[in-house]
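Below is one structure, written out as structure tokens; the observations come after it.
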Amino acid sequence: MSPTPKRFRERNKVHYRLSHWPIWIFVFFLAPGPLIFDLFEKGFDSRMALWLGAVLLGTGIAGLRGRLPGVEPRPYILRFTEDKPNPLYRRVCYTAAWGDLICFAVLNLAGLTYAVATGTWRLKQIYAHAYFPLAIAIWILGALGQLPRVKSSTKGEGTERRYFYGTVWAVSAAEPVLFFLWKLMPRSHEAVIVKLVVFVAVLAAMAVLANRGVLPRTRVITPGEWAVSD
């Protein structure tokens, strides 16, 4: 067995744990997609304030108990590809994250494609009717352990983290770009085509970078490698 590398941490520092809490606030706050659509369309209101309060309370309690990924008192994954039980809190959190990532990317892509094909903007209706059926399907896949990082074992962590973070980088880059284009460009058919092309191009470019291991936490993992910060 190789010696423990110097960068390996026995415990997570307080600032490390606190810096991960906002991530999970964001993940669970985004979960009700139609509500978030209203946030971007109309602005913050009492419904969103109540939901944010519930998310802050729930994630705060979970964080104090060390039941959020990255907010644990000590790292749970010590070696990549190590066959350990995957705790329920990790499976729930990463399932919620997959729901956000897939739903927002797929529905925005569907809305743009529909607008290009028909000349009609129906994104709000798409979110209202398709978001929860898609999200529930993803949540079911997560409950069945059929998504990366939500399986019953952490054995595939070294590879699955690459898929997860690659998706995070792709969607996190493409969605803000689309939002700014939506705000800055007119609602013309030509503008919608530009938005669709740029959105797909950003997703594809980030996917290529992730596949090459250029982006943080997307590098190829050596079997049995220590789970150090990268």
Residue check for Phe40: touching a residue at least 40 places away in the same chain (Cβ under 8 Å) and surrounded by fewer than 19 Cβ atoms within 10 Å (Cβ to Cβ): yes
Checking Tyr163 against (1) under 26 Å from Leu39 (Cα atoms); (2) within 15 Å of the chain's Cα centre (by Cα), which test does it fail? (1)
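Listed here are the residues, each with its yes/no results for (1) surrounded by fewer than 21 Cβ atoms within 10 Å (Cβ to Cβ); (2) touching a strand residue (DSSP E or B) at 6+ places or on another chain (Cβ under 9 Å); (3) over 30 Å from Gly66 (Cβ atoms); (4) of a type in the set (Ser, Thr, Tyr).
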| site | (1), (2), (3), (4) |
| --- | --- |
| Arg91 | yes, no, no, no |
| Leu101 | yes, no, no, no |
| Ala110 | yes, no, yes, no |
| Thr113 | yes, no, yes, yes |
| Ala117 | yes, no, yes, no |
| Ile136 | yes, no, no, no |
| Val150 | no, no, no, no |
| Lys155 | yes, no, no, no |
| Thr159 | yes, no, no, yes |
Among the numbered criteria (1) aliphatic (A, V, I, L, M); (2) surrounded by 15 or more Cβ atoms within 10 Å (Cβ to Cβ); (3) free of Cβ contacts under 8 Å to residues at least 60 places away in the same chain, which single criterion is violated by Leu203? (3)
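Quick check: is even one residue across the stretch 210-217 touching a strand residue (DSSP E or B) at 6+ places or on another chain (Cβ under 8 Å) and surrounded by fewer than 18 Cβ atoms within 10 Å (Cβ to Cβ)?
First pass over the stretch 210-217, keeping only residues touching a strand residue (DSSP E or B) at 6+ places or on another chain (Cβ under 8 Å): none.
Among the residues of the stretch 210-217, not one is touching a strand residue (DSSP E or B) at 6+ places or on another chain (Cβ under 8 Å) and surrounded by fewer than 18 Cβ atoms within 10 Å (Cβ to Cβ), which makes the answer no.
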Considering every residue within the stretch 83-93, establish whether at least one is part of a loop (DSSP other than H, G, I, E, B) and either under 22 Å from the mean Cα position of the chain (by Cα) or of a type in the set (Val, Ile, Thr) (or both). yes
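Is it true that Gly60 is in a helix (DSSP H, G or I), surrounded by fewer than 17 Cβ atoms within 10 Å (Cβ to Cβ) and at negative phi?
yes
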Matching entry among Ala54, Ala105, Ala49 (being under 18 Å from the mean Cα position of the chain (by Cα) and at pLDDT 95 or above): Ala105
Among the residues of the stretch 43-91, write down those that are aliphatic (A, V, I, L, M) and in contact (Cβ under 8 Å) with a residue 40 or more places away in the chain. Leu68, Val71, Ile77, Leu78
Among the numbered criteria (1) surrounded by fewer than 19 Cβ atoms within 10 Å (Cβ to Cβ); (2) more than 18 Å from the chain's Cα centre (by Cα); (3) of a type outside the set (D, E, K, R); (4) not in a loop (DSSP other than H, G, I, E, B), which one does Pro75 miss? (4)
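When you look at Ala62, is it of a type in the set (A, V, I, L, M) and farther than 24 Å from Val197 by Cβ, yes or no?
Values: of a type in the set (A, V, I, L, M): yes; farther than 24 Å from Val197 by Cβ: yes.
Taking the combined requirement at face value, the residue satisfies it.
The values are calculated or read from the model by the stated rules, or taken from the named source; none is laboratory data. For clarity, every value in this text was computed on a predicted model and none was experimentally measured. Because the Cβ atoms are built from the backbone with ideal geometry, glycine has one as well, and the counts that use them run over all protein chains shown.
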